[in-house]
């Protein structure tokens, strides 16, 4: 089952395309990291997925084919927006009352026991909570709806390292207990490898890289050797990024299913997820998409498959 | 794929007093995949006797809660340990150690160490090799002999290195 499936999805605001030609199928049960520079279309994609925006072109369905924004889908998806919208003048208990009244599924007992584990008192005013506590409260409300899919827009922004760790730990425990799917956008790529198992990299409103993180990491390598052979290497592999010094060229390449024998004097090294993401961010024209996702692309640009 | 194990563990969630004998830690800079770090730490604990037959590995929920890592990673590591024959997953309870690696007796180890110091190592030092050269040469020689022994190693449940060939 695909937790999110899009086909030729695009969103235009006035004369600017925030997202275009987006075709993807994200399998269920994953923790998906959505990364990309500011203005890449991350929030737009998330809003289209949860039904907060309407597509200009194409379609998006969730949880095995339900139209995004349909009542059925809304009941099974929880979304925490970037600015963690909570009412500051309410107490924590009143915030829970509100959430319980606004949702058909809401597990009040679960939210209270989570908050007491976290040491957040029900009588506290929401506006007086720390940034980390506010994020935890929003997450608690989201979990208590027992969603099948949890969507978080920049959940870590503005949190200190400890609050970030605790927030992610809460999220990981919920995934372990409920087996829900998670999609979150983030700028913190150094911590992605710990938590995410699926990557979607957006750039300029398009999907640039997508796939299982373990496969992406295994399918790329940094090759280094004498610059004279760099051209031959580039003929065999899709080059994501190349750097040349006087006696050594270094190419981050997509090896796919194997690299075979390299020319004399060339070495291959594994890449980390962080290196991989940074390389693609620096080279917006390179891309790595799984086969089927290419099919629906109306205008295949420099695909390096 | 992750769903069966963690939800099965929920049943025993309130028996929180069972403490696992080991704790995991993650080195984000090591470059070793996280699941492999977990596998290596279990292998290490088995070798040192910190994990014995019947011991329970830390619950998936507890590991992800303390390290803030993806539950699938822990499940993958435990599957790897099960595949090596050291542990068994029991639905609704957790993952338990059922076998330990063959441990070489201390006197045997001491004897081997002595012969290494008096023999090859003193030759190498006499020949003027420094620490790094000795390490490199020893590692290379070890690799040669591993290649020579190759697949003649028996089916591998009781003896496993966990140094990287577990990646598959």
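Coordinate-derived values only; no laboratory data. Here the structure is a predicted model, which is why all the values come from computation and not from measurement. Cβ atoms come from the backbone with ideal geometry, glycine included; neighbour counts cover every protein chain shown.
Miscellaneous remarks
- Rounded to 10°, Cα long-axis angle of helix A:161-178 versus longest principal axis of chain A: 80 degrees
- Treating r as the C-beta distance of residue B:124 and residue A:104 and R0 as 51 Å, the FRET efficiency rounds to 0.10.
- The per residue volume of the convex hull around the alpha-carbon atoms of the stretch A:3-61 is 77 Å³.
- Rounded tilt (10° steps) of A:92-102 against the dominant C-alpha axis of chain A: 80 degrees
- Counting DSSP beta bridges with both ends in the protein assembly as shown, the antiparallel % (nearest 5): 70 percent
- Take the Cβ atoms of residue A:82 and residue A:229, set R0 to 45 Å, and the FRET efficiency comes out at 0.45.
- Remark: mean inter-chain Cβ contacts per residue of A:25-34 equal 2, using a 10 Å Cβ-Cβ cutoff to other protein chain atoms.
- Rounded if a/c under 1.5, otherwise prolate or oblate - the stretch B:106-151, Cα gyration tensor axes: oblate
- For residue B:145 and residue A:187, the FRET efficiency from 1/(1 + (r/R0)^6), where r spans their Cβ atoms and R0 equals 51 Å, is about 0.60.
- Taken over the stretch A:138-227, the alpha-carbon convex hull comes to 149 cubic angstrom per residue.
- The stretch A:2-211: C-alpha gyration tensor shape, a/c 1.5 cut-off, then a/b vs b/c: prolate
- Annotation for residue A:257 and residue B:90: the two label points, set 7 Å from Cα along the Cα-Cβ direction, are 4.3 nm apart.
- Likely footprinting exposure, B:62, A:178, A:197, A:160, fewest C-beta neighbours within 10 Å first: A:160, A:178, B:62, A:197
- Listing A:128, B:76, A:11 from fewest to most neighbouring C-beta atoms within 10 Å gives A:128, B:76, A:11.
- Within the stretch A:2-211, percent of DSSP bridges classed antiparallel, to nearest 5: 55 percent
- Selected from A:215, A:177, A:191 as most flexible by GNM, with chain A as the system and alpha-carbon contacts under 10 Å: A:177
- Rg over Rh for the stretch A:205-293 works out to 0.96, using Cα positions for both radii and the Kirkwood form for Rh.
- Taking the longest Cα principal axis of chain A as reference, the axis of helix A:131-143 is set at about 80 degrees.
- Pairwise inverse Cα distances across the protein assembly as shown, averaged and inverted, put the Kirkwood hydrodynamic radius at 25.2 Å.
- Virtual spin-label span in nm between residue A:160 and residue B:109, 7 Å along Cα→Cβ: 4.3 nm
- Rounded to 5, the percent of DSSP beta bridges in the stretch A:213-295 classed as antiparallel: 100 percent
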